[in-house]
Structure formats: structure tokens, C-alpha cells
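Colleague: Quick one: the structure is below, and I'll ask about it shortly.
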Amino acid sequence: MKNKQLGNTKLYTAPIIFGGNVFGWTLDEKQSFEMLDKLFDLGFHTLDTADVYSRWAKGVEGGTSERIIGKWMKSRGVRDKINLATKVGSSMQQGGEKNISKTHILNAAEDSLKRLQTDYIDLYFTHWDDNKTPVEETLEAYSELIAAGKVRYIGASNLEANRLEKSLTASINKGLPKYQVLQPEYNLLERNKFENGLRLLSEEHNLGVTPYFALASGFLTGKYRKEADFNSSERKIFADKYLNQRGKKILEALDKIAKNHQVSQAAVALAWLINRPTVTAPIASATKDAHLDAFKEAIELKLTAEEMDLLLEVSN
């Protein structure tokens, strides 16, 4: 499995990054440990989580995913073999406000380190923008964390192009830490926001790009084709907006290409992302061994130029 470098960092990752939002949500702690063991054995050593995961699920507190990952790393003694990414900026309470002030970041980082049972975070993301904190203040917080050895590199997720550009400019002009990785929402169903602005910035500043919702909350697996297919209210909220003519055309194209290569629809959707310009590695989650099979298929799959063009056409 060939690894890719994450921007200008010294971190390398497999072509797919595992998303830890499932830990404590659709996988309990025992199941999460089993999944993490399988991932590790397969060579997927980059984990992406956030302090807030998975607060949206009924009965699940924010911080649950981090606690599970931390407990697993300690029990297996593998912290030095894991590239660990987590995020800051969301509220840990339902209905709370986003916050990327210096005080909040410094406090939240300490909380994440405790939950993760580690003394450093490899890649620390601004999860959401509060649209009021000066970009310099946010970057100064990261500067302190980096100087203290608590964070190695920083990344940005869900920042609008203008705020990301201001941050990158401030890094250059004021000697502040620079975002090295961009984590946008990007998949066959969600293309415009990244392709119209953020992609150009990532190219200009040599940012690694690790898209989240690579499978559009499971819709691109082909599992959801009618309302009755949704098995939970949380999943329905995420994915039912794609049950329209465009979504159906994309699924039809995935079906055709998957049949041609004898792979899953998920593998085709992931392979499309892996082969898109500027993308380093998409983020995807799994709850079953069959999902991991799709990861392996995607990495090995060679889509033709015609197949890539077909997917671009139907997803316009």
C-alpha cells in the first residue's frame, strides 16, 4: 500500500483515512476495538476524529470517540505508530456556539489530550469557524501548542475560502503556524464548494486535502435508494437529501462501473476521489468487514479516463 504525504508535513497516510465518528455511535467500545485492530493490521494507521464526536447520537456524549481511541492506543501500545488527527471548534453541548478563540482552543486541546491518553496530537484541525475570532488569535493558540510539543501540525476544516485565505496570509506575513491540510466536504454529490475556490487555494499553498463524507454518509454505497432504506433517524438526516434525479443518476453510473470491475459501488466512489486533482486521501468510515473490503478495492481499482469523465458528467 503506497502512502501519501499530508501536505508539507512529515506525516504519511494510506490512500484512505479512517473516520472515527462511528466510535461510540454505530460501533460500541468492544466493536470499535475490533475495528481498530483490523484497520491496524491492514495498514490503515491514520485516524481522524474530533472532540465533539459523536454528540449527535442519542445517549452519546461529545468526546466519546476520542476516549475510545485513546483507550485502544494505550491498551495496544501503538501510539507511536498512529497518525492521530482531531479537531476543535464545535461546542460540546447541544445548541452551543462554535468557538475558535485562543482560550477555548488551549483548554479544548488539554481535554482532548486527556481523552486520547497521549501527550501530543499529530494533526489538529480547526473544525468549524466561529466567524468572529481574528485568524491571528486562532493561529497564536496553535503556535503555543506547537511550541509546547502538544501539536505537530495544524489543518482547517469547514472554513470558507476567504477565511482560509486570510489565515494563510497571516501565517506568511506574521510568522504564525500555517495550515498544512484542508479537510473539506467533498464527494460526487458535494463538489461545488471545494472545486470553486478551495481547490485553487489548496494548490497555491500546497495543502494536503483529506475530504470528509467521502461516501456522502453512506448514500454512495448504493444502500439507500428509497425512503424505506434508512434504518435510523440520524442516517436519514444526513443522506435523504440525495434521493433525487441527480442522486439516482450518480448511483446508476456507480452501478455500471462497479459491475464492469466486479467491485462495490463504494469502491468506485472512493477511487474517484483518490484520483481527483489535489486530493491526498479521502476519509471514510466502516462498521463491517465488507466495508473494509471496499477500502482495499478502491486502492487497487484503476478507473479509466472514460469512467472518470462519466462520473464527472452525471455529478455536475
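Colleague: Just need the relative contact order of the chain here, percent rounded to a whole number, with Cα pairs under 8 Å and 6+ apart.
Modeller: Answer for the chain is 17 percent.
Colleague: In region 4-314, with Lys and Arg counted as +1 and Asp and Glu as -1 at Cβ, which of these residues, I154, A286, Q94, has the Cα nearest the positive end of the dipole, that is, farthest along it?
Modeller: Ranked along the dipole, the leading option is A286.
Colleague: Right, next: Filter the trypsin sites (Lys or Arg not before Pro) in region 1-62 to those in DSSP coil with at most 13 other Cβ atoms within 10 Å of their Cβ, and list the result.
Modeller: Here the trypsin sites (Lys or Arg not before Pro) that fit, given the DSSP loop and packing criteria, are K2, K10, K58.
Colleague: For helix 245-261, what angle does its Cα long axis make with the longest principal axis of the chain, in degrees from 0 to 90 and rounded to 10?
Modeller: Taking the Cα atoms of the chain, the angle to 245-261 is about 70 degrees.
Colleague: Could you tell me which label, among (1) 19.4, 72; (2) 18.8, 54; (3) 19.8, 65, carries the value of Rg and Dmax of the Cα atoms in Å calculated for this structure?
Modeller: Here Rg and Dmax of the Cα atoms in Å agrees with entry (2).
Colleague: How would region 254-300 be classified by its alpha-carbon gyration tensor: rounded, prolate or oblate, with rounded meaning a/c under 1.5 and the a/b versus b/c comparison settling the rest?
Modeller: oblate
Colleague: I would also like to ask the following. Counting DSSP beta bridges with both partners in the chain, what percentage is antiparallel, nearest 5?
Modeller: 10 percent
Colleague: For the Cα atoms of the chain, what angle does the longest principal axis make with the long axis of helix 29-42, in degrees from 0 to 90, nearest 10?
Modeller: In the chain, helix 29-42 runs at an angle near 80 degrees to the longest axis.
Colleague: Please build a GNM for the chain, connecting alpha carbons under 10 Å apart, and tell me which residue among L116, L292, L42 fluctuates the most.
Modeller: It is L42.
Colleague: Still on this structure, I have one more. Please state the shape class of region 205-316: rounded when a/c is under 1.5, otherwise prolate if a/b exceeds b/c and oblate if not, all from the C-alpha gyration tensor.
Modeller: rounded
Colleague: Here's a follow-up. Angle between the Cα long axis of helix 161-174 and the longest principal axis of the chain, 0 to 90 degrees, nearest 10?
Modeller: The angle comes out at about 40 degrees.
Any read-out appearing in this document is the output of simple, stated calculations on the displayed coordinates, not a laboratory observation. If you're wondering where the values come from, they're calculated on a predicted model, not measured in any experiment. Every residue, glycine as well, gets a Cβ built from its backbone with ideal geometry; the counts of neighbours run over all protein chains shown.
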